[in-house]
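Written below as structure tokens is the structure these notes are about.
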Amino acid sequence: MAETQDLVTLYRQTVLDHSRQPRNFRRLDPADRTIVGHNPLCGDKMTLYLNIDQDRIEDLAFEGTGCAISMASASIMTEMLRHRALDEVQHEIESVIGTFEPHGQDDTPIAGAMAALGGVRAYPSRIKCATLAWKTLAAALQNQNTTVTTED
Amino acid sequence: MTAIPDQKKMTPTALDVDRLRQDFPILAQKINGHRLAFLDSAASSQRPQCVIDAVRHYYERDHANVHRGVHTLSHRATEAYEGAREKVRQFINAASTREIVFTRGTTDSINLLAASFGQDIEAGDEIVISHLEHHSNIVPWQMLCERTGAVLRVVPINDRGEIRMDEYLSLLGPRTRLVAISHVSNALGTINPVEQIIAAAREHSIPVLLDGAQAVPHQRVDVTALDCDFYAFSGHKMCGPTGIGVFYAKEEWLERLPPYQGGGDMILTVSFAGTTYNDLPYKFEAGTPNIAGAIGLGAAVDYLLDIGMDEIQAHESAILDYATNAVGGIDGIQLVGTAEHKAGVLSFNLDGVHPHDLGTILDHHGVAIRTGHHCAMPVMEFFGIAGTARASLAFYNCREDIDQLIEGLHLAIRMFN
Ligand SMILES: Cc1ncc(COP(=O)(O)O)c(C=O)c1O
């Protein structure tokens, strides 16, 4: 059935795999930056830990609870961005948020590992789940040691 | 498809649900290729055609402002608006229409009380609520406490999601000024022992507010028999329009309490030397009210009474039993909220599937449920969970809706395992 196909696209094996066994799912201690991302609508809450070495991300990890989409997105993000230069990271963040955010209906292919989450764009109510980790990282890079929420 | 064995002991439903469902045009549609199984009535119910027609008829033929014109339309609008107040009075068996204040909903009703009653609250006074409350019966009291230095005391619950009556009794004391407790919990469906709650408060002469948002649509409520001081509920959860609700208060309270908002309609005379407030209940209805909303609510009351509140309760209770057995019987399901006395709410979690993902998968299968904290974060915190999936019932739900929910749950299990 077509509807089931949509669901299978949303919950691809890669997504389920990352959500069941999230990569870099641990606490960094010490961490240069620690920031909490929160989606109060569904209770997703993640803590992101970031260590920066000059202008590179030396280590990036997270802990928390959330739906399959938000966990997979955070897990994929940490794999993609470890050891990357900060200016590249900034670019990736903008590009990911840009492809997911406009209206969620965009068909332009998503580059890189985040392509696995492309199915989310057919579900406007789930876009925030996919972007939570990325927005949290963006705030961490601006050196905000606060809580980021999806609701403002 | 999962076959669910018939329960022999189930009371036969007296309701002709197939016929009732035809009164609800919205239920006839397909969602994602499936019949709609609407299991989110605790958030907001659907409306029968007669309520939609009442509102429409009013706008097409009778609309004008109320209480202030001598012309025909104003007279008709006033008759219809005040007629709705009388219907609501009968529905909850209040002594007089002077005790029925139209508001925007439960939240507005509770804020009315907090603002008005709150003017007499002092530092050190205590307001008693429970751990089961909806945010709208927590935050207005927190705000009042912040403003006045009063103290919020919270009655704990047990792990079935029931109020601990021993703790409640020990919280009542000379400093308690008000008890504000839900009649039925929206997150778990627990029906609270409001008779005992009120009786105990009476012994200390403490007034009681009941948040009846989840009670009024599902069972007979008689405020006179309950002998509560205040009762709040919303139109949109009982087949009425959004933006209309009711604040019931005993007349002696409404006489004593200062007005909530100032403006037109709530006054008799205004001069710069001073203002005389209008008679009850108008003293608490400043400004042009939601006339169409009240009329729609009146139509909803007629509709519900025509079906019968006892019949509604019996039917929902049978469907809840059916759902509890069917959902609770699935491997990996934890039911959250297993009180002995429950209304039509089934909150649960499924191992390995976050409620949010479950909501998306069920929607694909035409099943509408709510996921998350249900505006009752303290309840979720108590159970140590971020949220639940919640299926909630109305009289128009049938076994087929539950069977479809079960199919959807099996689909989720297959996808995630
Ligand atoms: C128990 C309870 N109290 C209060 C409310 C708030 O009602 P409203 O949003 O209609 O003001 C709700 C609605 O979800 C509720 O279930």
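Taking the charge dipole of segment B:278-367 about its Cα centre, with +1 at Lys and Arg Cβ atoms and -1 at Asp and Glu Cβ atoms, the residue from B:Leu280, B:Leu320, B:Gly344 reaching farthest to the positive side is B:Leu280. Dividing the helix sum by the residues of chain B, where each DSSP H run of 4 or more adds -39500 (n - 2.57), gives a mean residue ellipticity at 222 nm of -11500 deg cm²/dmol. Could you look at segment A:2-149 and say what percent of its accessible area is carbon and sulfur, using a 1.4 Å probe and all protein chains? Taking all protein chains in place, segment A:2-149 shows 48 percent carbon and sulfur surface.
Mean partner shielding of peptide B:353-364, defined as the number of other chain Cβ atoms within 10 Å of each residue Cβ, is 6.
Helix B:194-203 and the longest principal axis of the C-alpha atoms of chain B enclose an angle of approximately 40°. Per residue, the convex hull around the alpha carbon atoms of segment A:2-149 comes to 99 Å³. Both the radius of gyration and Dmax for segment B:51-306 are 18.6, 60 Å, in that order, over alpha-carbon atoms. Here segment B:186-289 carries DSSP beta bridges of which approximately 75% are antiparallel, counting only pairs with both residues inside. Ligands, DNA and RNA left out, the 1.4 Å accessible surface of chain B is 50% carbon and sulfur atoms.
Suppose a student asked you for the relative contact order of chain B, using Cα pairs under 8 Å spaced at least 6 residues apart; what percent would you report?
Answer for chain B is 24 percent.
Under the convention that each Lys and Arg Cβ holds +1 and each Asp and Glu Cβ holds -1, the size of the dipole of the protein assembly as shown around its Cα centre is about 300 debye.
Each residue of segment B:256-265 was assigned a 3J(HN,Hα) from its phi angle through the Karplus curve 6.51 cos²θ - 1.76 cosθ + 1.60 (θ = phi - 60°); the sequence is 7, 5, x, x, 8, 10, x, x, x, 6 Hz, with glycine and proline shown as x.
How big is the B/A interface in buried accessible area, both sides summed, 1.4 Å probe, to the nearest 100 Å²?
1500 Å²
Counting DSSP beta bridges in segment A:5-127, what percent are antiparallel, to the nearest 5? Of all bridge pairs located within segment A:5-127, approximately 95 percent are antiparallel. Residues in segment B:36-46 carry Karplus couplings, in order, of 7, 9, 8, 10, 9, 6, 5, 6, 6, 7, 9 Hz; the curve used is 6.51 cos²θ - 1.76 cosθ + 1.60 with θ = phi - 60°, and Gly or Pro positions show x.
Say the cut-off is 32 Å between C-alpha atoms; which of B:Lys30/B:Lys87; B:Lys87/B:Lys283; A:Lys128/B:Lys342; B:Lys30/B:Lys237; B:Lys283/B:Lys342; A:Lys45/B:Lys30 go over it? Write out the running numbers ahead of the final one.
Values: B:Lys30/B:Lys87 35 Å; B:Lys87/B:Lys283 20 Å; A:Lys128/B:Lys342 34 Å; B:Lys30/B:Lys237 23 Å; B:Lys283/B:Lys342 37 Å; A:Lys45/B:Lys30 34 Å.
The answer is B:Lys30/B:Lys87; A:Lys128/B:Lys342; B:Lys283/B:Lys342; A:Lys45/B:Lys30.
Per residue, chain B exposes 41 Å² of accessible surface when a 1.4 Å probe is rolled over the protein heavy atoms with every protein chain present. Taking GluC sites (Glu not before Pro) as exposed when DSSP calls them loop and at most 11 other C-beta atoms lie within 10 angstrom, chain B has its longest site-free stretch at B:123-339. Contact order for segment B:200-250, expressed relative to its length and based on alpha carbon pairs under 8 Å spaced 6+ residues apart, stands at 32 percent.
Under 8 Å for C-alpha pairs, at least 6 residues apart: give me the relative contact order for segment A:2-149, rounded to a whole percent.
Details: 251 pairs, mean separation 43.3, N = 148.
This gives 29 percent for segment A:2-149.
Pair-distance distribution of the protein assembly as shown: all C-alpha pairs, bin width 20 Å, starting at 0; shares per bin in whole percent are 19, 46, 31, 4. When DSSP beta bridges are restricted to pairs lying wholly in chain B, around 60% turn out antiparallel. Ranked by the mean number of other Cβ atoms within 10 Å per residue, highest first, peptides B:289-297, B:388-396 order as B:388-396, B:289-297. For segment B:51-306, the dipole from Cβ point charges (+1 on Lys and Arg, -1 on Asp and Glu) about the Cα centre works out to 400 debye, to the nearest 20.
The values are calculated or read from the model by the stated rules, or taken from the named source; none is laboratory data. Values in this document were obtained by computation on a predicted structure and should not be read as measured data. Neighbour counts run over all protein chains shown; Cβ positions are idealised from the backbone, glycine included. Just the protein is used for accessible areas: all its heavy atoms, side chains included, with ligands, DNA and RNA removed. Shrake-Rupley method; radii C 1.70, N 1.55, O 1.52, S 1.80 Å.
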